[in-house]
Amino acid sequence: MAGFISEKTYHGQEKIVISMDIGTTQTAVSYSHLIPQSKPTVNMVTQWPGQAASSGAAKIRSLVGYENAVRKACGEEASEMLFEDRENVAIWFKLNLHPDSIKNASIPPPYGSNSNQSLRLEIPSLPEGVTINQVYRDFLNYLFRHTEEYFIERTPGGAAIWKRLRHTVEI
């Protein structure tokens with residue numbers, strides 16, 4: 001299922017390009033198999049573990065669940081952990097990349113509010129024993145591995161193409 005087809009012909013070497021948009025609350029992945037002398041097509045990953053097969057949702061929740069500081073689940077599957085094991089889920093982890101000056105800043109009251117009190121930006125802590133680098137490593141690995149599975153399942157000759165180009169994938 002194509003999300004976008006370019007009008008320009010590609011003249012480079014054959015390769016797979018993956019784009020990952022990791023947002024504070026949701027994440028999306030798209031990819032393109034670039035073939036010389038053809039018009040590139042960009043596809044979205046529209047099926048993720050834990051989603052209903054018919055959902056076709058291109059976005060997943062930006063969540064990583066841990067057990068004893070080891071990744072247990074990501075995305076929709078990690079959502080289930082929010083109710084039972086919240087302290088072991090990295091949520092809004094992207095905000096941990098902000099400098100301390102922003103983390104500790106006061107947020108003005110919403111426009112039109114009658115309140116004169118500023119709000120504090122409260123960033124949820126990461127699970128015990130888990131670093132922000134580990135969260136990103138685990139989440140990127142999950143996104144990449146699932147994109148590989150999705151590509152192989154939905155691209156004619158996908159397994160052979162991926163095997164041939166896997167060491168030159170650009171993210």
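The values are calculated or read from the model by the stated rules, or taken from the named source; none is laboratory data. In this text, all values refer to a predicted model and were calculated from it rather than measured experimentally. Glycine also receives a Cβ, built like all others from the backbone with ideal geometry; neighbour counts cover every protein chain displayed. Heads up: the accessible areas ignore ligands, DNA and RNA and are worked out on the full protein's heavy atoms, side chains in. Shrake-Rupley method; radii C 1.70, N 1.55, O 1.52, S 1.80 Å.
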Could you please find all residues in the stretch 59-86 being without any contact (Cβ under 8 Å) to a residue 60 or more places away in the chain, in a loop (DSSP other than H, G, I, E, B) and either touching a Cys at 6+ places or on another chain (Cβ under 8 Å) or open to solvent by less than 90 Å² (accessible area, probe 1.4 Å) (or both)? D85
Tell me yes or no: at least one residue of the stretch 51-58 is buried (at least 16 other Cβ atoms within 10 Å of the Cβ) and within 18 Å of N141 (Cβ to Cβ). no
Name the single residue that is farthest from the chain's Cα centre (by Cα) among those in the stretch 34-58 being at positive phi and in contact (Cβ under 8 Å) with a residue 24 or more places away in the chain. Q37
If we keep just the residues of the stretch 21-46 that are open to solvent by 30 Å² or more (accessible area, probe 1.4 Å) and assigned to a strand (DSSP E or B), which is nearest to G75 (Cα to Cα)? Q26
